[in-house]
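In what follows, a single structure is set out as structure tokens and then discussed.
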Amino acid sequence: MKQGRFISLEGMDGAGKSTHLAWLADYLRARAVDFVVTREPGGTPLAETLRELLLQQDMTAETETLLMFAARREHVAKVIEPALQRGQWVISDRFADASFAYQGGGRGIPMSLLQELEAFTVKTCQPDLTLLFDVPWEVSRQRLHAGRQQNGTVQLDRFELEAQSFFERVRAAYHARAQASQGRMQVIDAARGVDEIQQDLRALMDGFCA
Ligand code: TMP
């Protein structure tokens, strides 16, 4: 029986998720909530190995999709469900919505197939709240380039190297999912300054925790 609560963070690359995740962790700590922070793809040793392959190795869209869900199955079974059952909250930097956005919207994998994979791997383990950090392409590029400068060169992974058209399809798929989510997914305009975003986050989280 699930006792903890499950929050996922989503958004396009460069939306500033890491900054907002750190804020959320501080917020929960201040409320004495017992929580674990984890991420996808990743969160277990095997899933982290799959992450390295997924971010760096060339592969077909079908292989990518199956590896994403394989990593997710490990993550759900070994980290998320046990934590929720212990009564801990789980904060995951991305979850299944990312597959619908990136593999579905971005790569064109049929949504019906993704739904079947989701049913097979995730079963009923769904987030109670999903924060979707939304930015336009120009902001995403600007932040990625500013944040990833190493030795004068910009280090981007396989997804970050995709063209603007891919980004726009991912973004549209996220929006469509948010609209159909009956309030579970909250879209946050993440192109604004950090203070403004955090004000919104505080109001949202106060409501969620009430
Ligand atoms: P991150 O950079 O936010 O940690 O995520 C790694 C990348 O993996 C990001 O570009 C989005 C991508 N991704 C998918 O394509 N499908 C998925 O299901 C997940 C969880 C991530």
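The values are calculated or read from the model by the stated rules, or taken from the named source; none is laboratory data. Because the structure is predicted, anything quoted here is derived from the model rather than measured. Note: ideal-geometry Cβ built from the backbone for every residue, glycine included; neighbour counts use all protein chains shown. SASA here: full protein model, heavy atoms, side chains in, ligands and nucleic acids out. Shrake-Rupley method; radii C 1.70, N 1.55, O 1.52, S 1.80 Å.
Brief remarks follow.
- For the chain, a Gaussian network of Cα nodes joined below 10 Å ranks E48, E168, E116 by mean-square fluctuation, and the top entry is E116.
- Most mobile of F120, F35, F167 in a GNM of the chain (Cα contacts under 10 Å): F120
- Subtracting the Cα-Cα distance of Q142 and R158 from their residue separation scaled by 0.36 nm leaves 4.0 nm.
- Top positive-direction residue, dipole computed over the chain with Cβ charges, set S18, P127, T63: P127
- In the chain, the DSSP beta bridges split such that about 10 percent are antiparallel, to the nearest 5.
- One equal scatterer on each Cα of the range 6-209, no solvent, Debye formula: the resulting log10 I(q)/I(0) at q = 0.10 Å⁻¹ is -0.41.
- Electrostatic dipole magnitude of the chain [Cβ: Lys, Arg +1; Asp, Glu -1; Cα centre; debye, to 20]: 420 debye
- Each residue, Q56 and D34, gets one label point 7 Å from its Cα in the Cβ direction; the gap between the two is 3.7 nm.
- Per residue accessible area of the chain, 1.4 Å probe, in Å²: 48 Å²
- Percent accessible area from carbon and sulfur atoms, the range 6-209, protein chains only, probe 1.4 Å: 51 percent
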